[in-house]
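Some notes on the structure that comes next.
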Amino acid sequence: MKPRVFSDARGSFCESYNKKTFKSATGLDIDFVQDNQSISSYGVLRGLHFQKGNMAQAKLVRAIQGRVLDIVVDIRKGSETFGQSYSVELNNENNLQLFVPRGFAHGFITLTNKAIFAYKCDNYYDKESESGIIYNDATLSLDWHLPKEDFIISDKDLELPGFEEVIS
């Protein structure tokens, strides 16, 4: 999704979310209930995360500042795109937003010295429902666009299981 940006000598204005516009573009009537924001330095890789069961979350994500490579993986068994990934660069210049439906694992890596990343979620965070897939899963063969030696990954994310383990 790409919101309209109005720029002039003072700067710019962007309506980052409008429920009517979102519904018109996606056909979905989603009630976003929680907003999250992260600040990351160059090379920070967050993901691949998702919540399971009744606490699954759909997300509308964007980069407020800086550049990130955003990656999603379809983990919906029986889906035509099951196991496939999609990636897009989100940044404060292209103003793109990515809708991540429930049933997708999500992650991103920061491509600039600093990035501020925003998430609108349609369900509340629930620690007991959180899960994920290791960033370097051989089955998925994801390209994170940076040299591995530049990655900064939390210990928690380094312990995530592989794709096959998650979907079994």
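The values are calculated or read from the model by the stated rules, or taken from the named source; none is laboratory data. Owing to the predicted nature of the structure, the values given are computational and were not obtained by experimental measurement. In this analysis, Cβ positions are derived from the backbone assuming ideal geometry, glycine residues included, and neighbour counts consider all displayed protein chains. Side chains are part of the model used for accessible areas, which takes the heavy atoms of the whole protein and leaves out ligands, DNA and RNA. Shrake-Rupley method; radii C 1.70, N 1.55, O 1.52, S 1.80 Å.
Quick grid of which residues meet (1) farther than 24 Å from Asp155 by Cβ; (2) open to solvent by 80 Å² or more (accessible area, probe 1.4 Å); (3) more than 16 Å from the chain's Cα centre (by Cα):
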{"site": "Ser12", "(1), (2), (3)": "yes, yes, yes"}
{"site": "Phe32", "(1), (2), (3)": "yes, no, no"}
{"site": "Asn36", "(1), (2), (3)": "no, no, no"}
{"site": "Ile39", "(1), (2), (3)": "no, yes, no"}
{"site": "Arg62", "(1), (2), (3)": "yes, no, no"}
{"site": "Lys77", "(1), (2), (3)": "yes, yes, yes"}
Tyr17 is checked against (1) open to solvent by 50 Å² or more (accessible area, probe 1.4 Å); (2) at pLDDT 90 or above; (3) out of contact with any helix residue (DSSP H, G or I) (no Cβ under 6 Å at 6 or more places or on another chain); (4) farther than 12 Å from Leu60 by Cα and fails just one. What number does that condition carry? (4)
Identity of the residue in region 83-115, in a loop (DSSP other than H, G, I, E, B) and in contact (Cβ under 8 Å) with a residue 60 or more places away in the chain, that ends up surrounded by the fewest Cβ atoms within 10 Å (Cβ to Cβ): Asn113
Taking region 141-168 on its own, how many of its residues are of a type in the set (Asp, Glu) and open to solvent by less than 90 Å² (accessible area, probe 1.4 Å)? 2
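Among the residues that make up region 130-143, is at least one of them assigned to a loop (DSSP other than H, G, I, E, B), on the phi < 0 side of the Ramachandran plot and among the acidic types (Asp, Glu)? Steps first, answer last, please.
If we filter region 130-143 for residues that are assigned to a loop (DSSP other than H, G, I, E, B), which is where we start, we get 133-143.
Add one more test, that the residue is on the phi < 0 side of the Ramachandran plot, and what stays is 133-140, 142-143.
Those left that are additionally among the acidic types (Asp, Glu): 137, 143.
Looking through region 130-143, at least one residue is assigned to a loop (DSSP other than H, G, I, E, B), on the phi < 0 side of the Ramachandran plot and among the acidic types (Asp, Glu).
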If I ask for residues that are touching a residue at least 60 places away in the same chain (Cβ under 8 Å), under 20 Å from Lys156 (Cα atoms) and either of a type in the set (Val, Ile, Thr) or open to solvent by 40 Å² or more (accessible area, probe 1.4 Å) (or both), which ones from region 116-127 would you list? Tyr125, Asp126
How many residues are open to solvent by 100 Å² or more (accessible area, probe 1.4 Å) and in a strand (DSSP E or B) if we restrict to region 1-10? 1
For Lys23, all conditions in the list (1) open to solvent by 80 Å² or more (accessible area, probe 1.4 Å); (2) in a loop (DSSP other than H, G, I, E, B) hold save one; what is the number of the exception? (2)
Enumeration of residues in region 1-46 that are in contact with a strand residue (DSSP E or B) (Cβ under 7 Å, 6 or more places away or on another chain) and among the aliphatic types (A, V, I, L, M): Met1, Val5, Val33, Ile39, Val44, Leu45
Could you tell me which numbered condition Val68 fails, if it satisfies all but one of (1) closer than 27 Å to His145 by Cβ; (2) touching a residue at least 60 places away in the same chain (Cβ under 8 Å); (3) open to solvent by less than 20 Å² (accessible area, probe 1.4 Å); (4) aliphatic (A, V, I, L, M)? (2)
Do any residues in region 17-41 that are among the charged types (D, E, K, R) have Cβ atoms under 6 Å from those of residues that are surrounded by fewer than 13 Cβ atoms within 10 Å (Cβ to Cβ) and in a loop (DSSP other than H, G, I, E, B), where the two are at least six apart or on different chains, and which pairs are they? Lys23/Asp29
